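All remarks here apply to the structure that follows.
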Protein chains: 2
Amino acid sequence: MRLSRYFLPVLRETPKEADIVSHRLMLRAGMIRQESAGIYAWLPLGLKVLNRISAIVREEQNRAGAVELLMPTIQSAELWRESGRYDAYGKEMLRIADRHEREMLFGPTNEEMITEIFRASVKSYKDLPLNLYHIQWKFRDEIRPRFGTMRSREFLMKDAYSFDLDKEGARHSYNKMFVAYLRTFARLGLRAIPMQADTGPIGGDLSHEFIILADTGESEVFCHKDFLDFPIPGAETDFDDVAGLQDIVDSWTSLYAATSEKHDEARYAAISEGDKLSARGIEVGHIFYFGTKYSAPMGATVTAPDGHEVPVHMGSYGIGPSRLVAALIEASHDEKGIIWPEPVAPFDVALLNLKVGDAATDEASLKIYHALGLRGREVLYDDTDDRPGAKFATADLIGLPWQVVVGPKGLADGKVEVKRRGSDERELLSVEEAVNKVAG
Amino acid sequence: MRLSRYFLPVLRETPKEADIVSHRLMLRAGMIRQESAGIYAWLPLGLKVLNRISAIVREEQNRAGAVELLMPTIQSAELWRESGRYDAYGKEMLRIADRHEREMLFGPTNEEMITEIFRASVKSYKDLPLNLYHIQWKFRDEIRPRFGTMRSREFLMKDAYSFDLDKEGARHSYNKMFVAYLRTFARLGLRAIPMQADTGPIGGDLSHEFIILADTGESEVFCHKDFLDFPIPGAETDFDDVAGLQDIVDSWTSLYAATSEKHDEARYAAISEGDKLSARGIEVGHIFYFGTKYSAPMGATVTAPDGHEVPVHMGSYGIGPSRLVAALIEASHDEKGIIWPEPVAPFDVALLNLKVGDAATDEASLKIYHALGLRGREVLYDDTDDRPGAKFATADLIGLPWQVVVGPKGLADGKVEVKRRGSDERELLSVEEAVNKVAG
């Protein structure tokens, strides 16, 4: 993509309204624009990151056997009355009356609707297990939205819902999502640690929050530091292997890890001093078994092998891609801007032509642009007439993993500069060497 | 995908609430489920088609130089007051009050918001032309929603907005979209004919509806039959070639074509009898130049080369993917079900194992399943214990381009049956021949 034909409205000043670094950087890098309190437009660069995150989330959901559908944003109040949540939900639910004065709402979550879809068509235990998910915009009318897309009112959420005949089956479905989440966050370039979370009235141990460590995190977390080195389950993991998945989950829950809300001083104190890890964390996912909480009142039953009708056991599994964009920046930035992990970078390479209009730099830049494109690398080619200083600042701000700088001086010696955004390593290379270096 | 692990709730009966064939077939084929009046959940099979359509729309928008972003669904009433449309829009606009009693709305379209985004960051003619688009859910509170996703309340729309310094520039931007639309519909397997449409108070000739012909179409259309054979601009089309694009548009608008609203009996009568074509049509796209209608009141200006501030000239360009799913079915079905054009089919192949549990049919089916997967074909493998009759009916209903039938009798002779859904051509082939035939 040529920058002259792209839409990248970077800001040179630091926006005053932004409290946290990811919000500031997303505004400055032209990734988002606030349209109302807590409601953002995703500008082209931001949308690319959001889509790359969603694609990885989707691949890992599919790998674990979840099936994608898409529920609408607007739901009927009727449905929420069936579960008893319509009156209970409070002011965070955006309530709407349509032209016929029917009560509707903008879905903050989808347990009721997915239960309705399930009960309409699944009748037998033979059709279980089933895990249905979607990636859709949701709305929670936060009283004081802030922190940019970390806690926005309109936000993108992947929510999956599992259906099983009994708790044993539900545990296996839960474990599939547990492993899928480990893989998802690792592929995003994050180390996420599962920590026990509140299960509400259901009780039990089947609720985990996945927390990433970041200095600017919203909450304090405490864990054994071995979590930092635990192996991530491979792509070849057999999600049908009940015992195998249980082993993975058992090992990932064998050591102490808790957010401040669930912190147990005594258990933490029992960890040997050198193995203690206390840090700031950001919640990036939540998985949850809730039994028959919705299926029983809403009549989502199946015929069991013994012929009886029983309500299905359900769980829900959430990841917020729009929140993850911010979380990734909180975990990976410096004073100059964002440092994208490669798997989610909006482009692979920033190509900076320092003297647009000069025959030599234009020719070398185009050669690199096309050669990298042919090798499958996405390049953002800065062919604008900005000054070199502005080009460097923009490239550092938007944080693409590689920078290739084509200037008249270097080119006189047959060299261009290749820089890694993360480590700041620089090399002077020929055009061919630069292409090979970046294309790997 | 193994059908036993998929979610495909087909209906054996014809739903009574559906007035048109696409609505009936989408419900029967388990593509959608109505959640409220005019509001649908997209079940897995429906979502796959919707995504394939959106991907083709996106590719052709990008090819024409449009840049993708994503605007939120919820907008502030303030913005619409600036253009004067908040009070004018009427009851089709879903109006919402948030918890602070701020007036919001679910966007039915995005002219105001994109103009706001533009004016916040583009200041000079040097940054033009610019075309920004998104593919996002919108809401129009139709008084009596019907015809399924053909006219639903919550619907998916690709809307692009072009910004130019003057009308000449805007005409070129318009032509880019005109050509992009010709290519888009052709790639979807549709022949769409551009017909002059109302331009409202602006006047001029820069407004076209793209209409496909279908016996069940909503409106009557009249045109020269040569439109059926006009060549579609190739992928190599140079969208920067102003004169070249104008030539394409001129040729595609050189002959008579009009919907009943704009029909001119005299001009139609002048067509020689054998060249007249009168048929039913479905609108699948609309492109529109509207000058400074939004930029002037909303202050979206740029500095012109002569130093003056001038409001930009804008156009908007819509395609509804959720409507297109229905339109495609209206244009391509028979009494047994849907017949998907290959580019939008949710899977390429239905693989029917007529005797699941039989070692020979299981082995042959799996061999075909894996071989086709390796050759890049998406296969829906019916490995359920349904009767053969039900499997055939489902395969015909969901309309995948190829069917491969593996039964014990054929297999005893070393043969499986390969059938084209569209033409009903059948061949008995060996497993290897079948794979080669289908993988092309």
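Every read-out reported here was derived from the displayed coordinates using simple, explicitly stated rules and does not represent laboratory data. Everything quoted here is computed from the prediction, not taken from an experiment. Neighbour counts run over all protein chains shown; Cβ positions are idealised from the backbone, glycine included.
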Label geometry 7 Å along the beta-carbon vector: B:ALA37 inter-copy distances in nm:
3.3
List, shortest first and in nm to one decimal, how far the label point of A:ASP247 (7 Å from Cα along Cα→Cβ) is from its counterparts in the other copies.
6.8
The size of the Cβ-based charge dipole (Lys, Arg +1; Asp, Glu -1) of region B:347-439 about the Cα centre, to the nearest 20 debye, is 180 debye
I need the calculated FRET efficiency for the pair B:SER124 and B:GLU342, taking r as the beta carbon distance and R₀ as 45 Å, to the nearest 0.05.
0.50
Inter-copy distances for B:ASP205, nm, shortest first, label points 7 Å along Cα→Cβ, are 7.6
What does the extension gain come out to for B:ASP205 and B:GLU425, with contour length at 0.36 nm per residue minus their alpha carbon separation?
74.6 nm
Candidate aspartates and glutamates for bridging to B:LYS276, where Cα separation is under 16 Å - those fewer than 8 sequence places away on the same chain excluded:
B:GLU220, B:ASP226, B:ASP229, B:ASP264, B:GLU265
For B:ARG5, put the label point 7 Å out on the Cα→Cβ axis and report which residues of region B:341-376 keep their amide N under 18 Å from it.
B:347-353, B:356-357, B:362-376
Rounded to 0.05, the calculated FRET efficiency for the beta carbons of B:ASP240 and B:ALA296 at R₀ = 25 Å is 0.35
Does region B:347-439 come out rounded, prolate or oblate by the C-alpha gyration tensor, with a ≥ b ≥ c the root eigenvalues, rounded set by a/c under 1.5 and, if not, prolate when a/b is larger than b/c and oblate if not?
rounded
Tail weight of P(r) past 19 Å, computed on alpha-carbon pairs of region B:257-361, percent
72 percent
Using a Cα distance threshold of under 16 Å, what count of lysine pairs results for region A:347-439 when pairs must be 8 or more residues apart or interchain?
9
Pair B:GLU59, A:ALA55: separation of 7 Å Cα→Cβ label points (nm):
1.4 nm
Excluding residues on the same chain fewer than 8 positions from B:LYS16, give the lysines whose Cα lies under 21 Å from its Cα.
B:LYS336
Run lengths n ≥ 4 of DSSP H only: what is the helix-derived mean residue ellipticity at 222 nm for the protein assembly as shown, with -39500 (n - 2.57) per run over all residues, to the nearest 500?
-9500 deg cm²/dmol
As straight-line cross-link partners of B:LYS158, the qualifying lysines (C-alpha separation under 19 Å, not fewer than 8 residues apart within one chain) are A:LYS48, B:LYS48, B:LYS138, B:LYS176
Enter the Cα centre distance for the pair region A:65-110 and region B:264-286, rounded to the nearest angstrom.
46 Å
Between rounded, prolate and oblate, where does region A:22-116 land on the alpha carbon gyration tensor, with a ≥ b ≥ c its root eigenvalues, rounded for a/c under 1.5, else prolate if a/b exceeds b/c?
oblate
If you rotate chain B onto chain A, whose Cβ in B ends up lying nearest the axis, and how many Å away is it?
B:ILE96, 3
So how far apart, in nm, are the two label points at A:ASP306 and A:THR253 if each is 7 Å from Cα heading toward Cβ?
2.6 nm
For region A:164-219, place one equal point scatterer on every Cα, skip the solvent, and apply the Debye formula. What is log10 of I(q)/I(0) at q = 0.17 Å⁻¹?
-0.65
Taking region B:6-37, which trypsin sites (Lys or Arg not before Pro) meet the DSSP loop condition and have no more than 15 other C-beta atoms within 10 Å?
B:ARG12, B:LYS16
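If you put +1 on each Lys and Arg Cβ and -1 on each Asp and Glu Cβ, how big is the dipole of chain A around its Cα centre, in Debye rounded to 20?
About 1260 debye.
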Just from the alpha-carbon atoms, what are the Rg and Dmax of region A:186-286 in angstroms?
14.0, 39
Which value does Rg/Rh take for chain B over its C-alpha atoms, Rh per Kirkwood?
1.02
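Which value, in debye to the nearest 20, describes the size of the charge dipole of the protein assembly as shown about its Cα centre when Lys and Arg Cβ atoms bear +1, Asp and Glu Cβ atoms bear -1, and nothing else is charged?
Computed about the Cα centre, the dipole is about 260 debye.
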Can you tell me the relative contact order of chain B? Whole percent, Cα pairs under 8 Å, sequence separation 6 or more.
17 percent
Where does the longest stretch of chain B lie that holds no GluC sites (Glu not before Pro) found in a DSSP loop with 14 or fewer other Cβ atoms within 10 Å?
B:102-235
Find the Cα radius of gyration of the protein assembly as shown, compare it with 2.2 N^0.38 Å by division, and give the number to two decimals.
0.98
Mark the label point 7 Å from the Cα of B:LEU228 along Cα→Cβ and return the residues of region B:250-284 whose backbone N is within less than 11 Å of it.
B:275-279
